[in-house]
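A.B. asks: Dropping a structure here in structure tokens format, bear with me for questions.
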Amino acid sequence: MTSPVIRIANVHKMLGGRPILNGIDLEIYEGETMVIMGGSGCGKSTLLRTLIGLLTPEKGSVLIFDQDMASASEHEKNEIRKKFGMLFQGAALFNSLSVGENVALPLKEHTRLDPDIIKIIVKVKLELVGLTGFENFMPYQISGGMKKRVALARAIALDPKIIFYDEPGAGLDPITASMIDHLIMDLSKKLGITSVVVTHEMKSAFRIADRVAVLHKGKVVAFGTSSEIENSENPYVRQFINGEIDGPVSFRETKENYLKEILGDDFDER
Amino acid sequence: MTGMLSFFGLIGRKTHLFFAEIARLQEIIQSFLYWALVAPVAGRRGLQREAFSRQLAFTGSDSFPIIALVTASIGAVLTLQAAYQLKQFGALIYTGGLVSVSMTRELGPVVTAIVIAGRVGASITAELGTMKVQEEVDALTTMGIPPVAYLVVPRILAIAIALPCLTMLGNVIGMFGGYVVGTLGLGINSSLYIQGSFNALVQKDILTGLVKSVVFSLLVGFIAVHEGFSVKGGAEGVGQATTRSVVLSIITIIVADCLLTAIFYYLFP
């Protein structure tokens, strides 16, 4: 571990008038696998969308390779985005393009490489995710796990230094999910890629993480290596890991909380 | 009292929503202008040739059979209806002129635009809406590919080129439909019908129709794209947006037609 490649400092973000991120500070180092964990609505997806520049925070900075994503212009953002890849929860493959064309898209868009060379690169990338010879399949012809792997091949097409993963195991069976986890670990070890994984799946999180950050109500409540978090005394972390109903997060909401949530949601709709 | 309040609240909220939508539309148009006109010249990013030609084929040549069928039928109906009235004055010979002028000035552009709004506009909205829902639009952004440049520019350019072309073809086919009915069905002399058709037609008629169809094409294109990008929440949202896109397109086509006709009538007599 050398210098941080991602530096998140005091990030605040409101959505629909409600604060979602309340001052997040996080440093992610080169080559490590950082898992961002937390319950539904804790702000982890918002944090990820802020990191990749789909959302702009009201306050704070998001430095990726020392360039601030939060204050960059759209053109500068696009330049930064070429340096990282992103695996979306639903794979987000383009349905009108074949598997090969999907992987080739970033190469076609951002490089002036010969079509033959692009073809070779696509083949190599698909081989890395274990899908040799699938170039001509259409996305609707392959399974969910395969789609994720194609999306991963597409994310690494430009040889990024960082990959962001949004719930990599969501919607997959345990075996396929663990296969994806192994791919993530493989990529970060073989290619030295920094990985940022957002998930709420304990097993997968502790399997792949070098370090874990636990988010709750838009704040980092616990932070450390995966064994530190596993043995954490923090009551919220304990409740989250063990999946208990009683704890700091109450399942049974008070009337005020309930009303607030309803009115808050109503406000959001507007 | 609460009823009043909620009533005003509703008006306020709708107005707010309306302006928010206008602002989003303006944003799309601005970035379209940038990626379609400025960026290729500045060397930032060329036109997507492949996507553009695919869209052009889909909007243009694939739509041609429907346009031909519809405009031919309209030409035929117009001839019959005109003849029904003109016969009473013994002016059957003017049928050709009436059909050609109303086809080129009015019916050709409007009917073609409405068919394209239903066929192409709806498909653009549904496609972009689905892409939005499935995070494909976000994926493009994250790959550093501007969605407007990649998705919107080829579609709008295709529609802006194809619709005026289809309109011109539709005009000719409509007139031909009228000619077939006029000569075979009503027994008007063939050469007299043709002569009548072209004598009545002046260049301004054709130009008027052309300007209208260009305006309609932009209306259909931008409404379809805007509705597609505004989709929220799954398949239902896509369906609703598609309906809204078609209905809104047809309404704005007719209103714009009204305005343009008035402008041409008063400003360019």
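The values are calculated or read from the model by the stated rules, or taken from the named source; none is laboratory data. If you're wondering where the values come from, they're calculated on a predicted model, not measured in any experiment. Every residue, glycine as well, gets a Cβ built from its backbone with ideal geometry; the counts of neighbours run over all protein chains shown.
A.B. asks: Could you pull out the residue among B:V220, B:V172 that is in a helix (DSSP H, G or I), surrounded by fewer than 21 Cβ atoms within 10 Å (Cβ to Cβ) and at pLDDT 90 or above?
C.D. replies: Result of the check over B:V220, B:V172: B:V172.
A.B. asks: Moving to a separate point now. Considering every residue within the range A:169-177, establish whether at least one is among the hydrophobic types (A, V, I, L, M, F, W, C), within 14 Å of chain B (Cβ to nearest Cβ), buried (at least 22 other Cβ atoms within 10 Å of the Cβ) and within 17 Å of the chain's Cα centre (by Cα).
C.D. replies: no
A.B. asks: With a cut-off of at least 3 residues that are out of contact with any Gly (no Cβ under 7 Å at 6 or more places or on another chain) and farther than 25 Å from B:T167 by Cα, name the helices (runs of 4 or more DSSP H) lying wholly within the range B:1-96.
C.D. replies: B:2-33, B:39-42, B:64-86
A.B. asks: Taking the conditions exactly as written (buried (at least 18 other Cβ atoms within 10 Å of the Cβ), among the polar types (S, T, N, Q) and out of contact with any strand residue (DSSP E or B) (no Cβ under 8 Å at 6 or more places or on another chain)), does B:S31 satisfy them or not?
C.D. replies: Criteria met by B:S31.
A.B. asks: In the range A:69-83, what residues are crowded, with 16+ Cβ neighbours inside 10 Å and more than 10 Å from chain B (Cβ to nearest Cβ)?
C.D. replies: Result: A:M69, A:A70, A:A72.
A.B. asks: Do we find that A:I28 is touching a residue at least 60 places away in the same chain (Cβ under 8 Å), closer than 30 Å to A:Q239 by Cα and not in a loop (DSSP other than H, G, I, E, B) in this structure?
C.D. replies: Spelling it out, A:I28 is indeed touching a residue at least 60 places away in the same chain (Cβ under 8 Å), closer than 30 Å to A:Q239 by Cα and not in a loop (DSSP other than H, G, I, E, B).
A.B. asks: Answer with yes or no whether B:V101 is crowded, with 24+ Cβ neighbours inside 10 Å and either more than 13 Å from chain A (Cβ to nearest Cβ) or assigned to a helix (DSSP H, G or I) (or both).
C.D. replies: Spelling it out, it is not the case that B:V101 is crowded, with 24+ Cβ neighbours inside 10 Å and either more than 13 Å from chain A (Cβ to nearest Cβ) or assigned to a helix (DSSP H, G or I) (or both).
A.B. asks: Evaluate the following for A:P4: is it closer than 28 Å to A:I208 by Cα and in contact with a strand residue (DSSP E or B) (Cβ under 8 Å, 6 or more places away or on another chain)?
C.D. replies: Yes; evaluated as a whole, the condition is true for this residue.
A.B. asks: So for the range A:56-65 (the condition being closer than 20 Å to B:V148 by Cα, within 14 Å of chain B (Cβ to nearest Cβ) and surrounded by fewer than 20 Cβ atoms within 10 Å (Cβ to Cβ)), does at least one residue qualify?
C.D. replies: Within the range A:56-65 (the criterion being closer than 20 Å to B:V148 by Cα, within 14 Å of chain B (Cβ to nearest Cβ) and surrounded by fewer than 20 Cβ atoms within 10 Å (Cβ to Cβ)), the answer is yes, since at least one residue qualifies.
A.B. asks: Write out, first by first residue and then by second, each pair whose Cβ atoms fall under 6 Å of each other, whose residues are 6+ apart or on separate chains, and whose first residue, in the range B:152-165, is in contact (Cβ under 8 Å) with a residue 12 or more places away in the chain while the second is outside any helix (DSSP H, G or I).
C.D. replies: The qualifying pairs are B:P154/B:Q48.
A.B. asks: Yes or no: B:E106 more than 19 Å from the chain's Cα centre (by Cα) and either within 26 Å of B:C258 (Cα to Cα) or surrounded by fewer than 17 Cβ atoms within 10 Å (Cβ to Cβ) (or both)?
C.D. replies: Judged against the criteria, B:E106 is not a match.
A.B. asks: Of the residues that make up the range B:124-133, is at least one away from chain A (no Cβ under 14 Å) and touching a helix residue (DSSP H, G or I) at 6+ places or on another chain (Cβ under 7 Å)?
C.D. replies: Checked the range B:124-133: at least one residue is away from chain A (no Cβ under 14 Å) and touching a helix residue (DSSP H, G or I) at 6+ places or on another chain (Cβ under 7 Å).
A.B. asks: Okay, next question. Please determine, by comparing only the residues of the range B:120-166 that are among the hydrophobic types (A, V, I, L, M, F, W, C) and assigned to a loop (DSSP other than H, G, I, E, B), which one is farthest from B:L47 (Cα to Cα).
C.D. replies: B:M143
A.B. asks: If you don't mind, there's one more thing I want to ask. When the residues of the range A:84-119 are filtered to those that are within 15 Å of A:I142 (Cα to Cα) and away from chain B (no Cβ under 12 Å), which remaining residue is surrounded by the fewest Cβ atoms within 10 Å (Cβ to Cβ)?
C.D. replies: Result: A:S98.
A.B. asks: A:G53 passes all but one of (1) under 21 Å from A:A205 (Cα atoms); (2) in contact with a helix residue (DSSP H, G or I) (Cβ under 7 Å, 6 or more places away or on another chain); (3) not hydrophobic (A, V, I, L, M, F, W, C); which number fails?
C.D. replies: Unmet for A:G53, out of (1) under 21 Å from A:A205 (Cα atoms); (2) in contact with a helix residue (DSSP H, G or I) (Cβ under 7 Å, 6 or more places away or on another chain); (3) not hydrophobic (A, V, I, L, M, F, W, C): (1).
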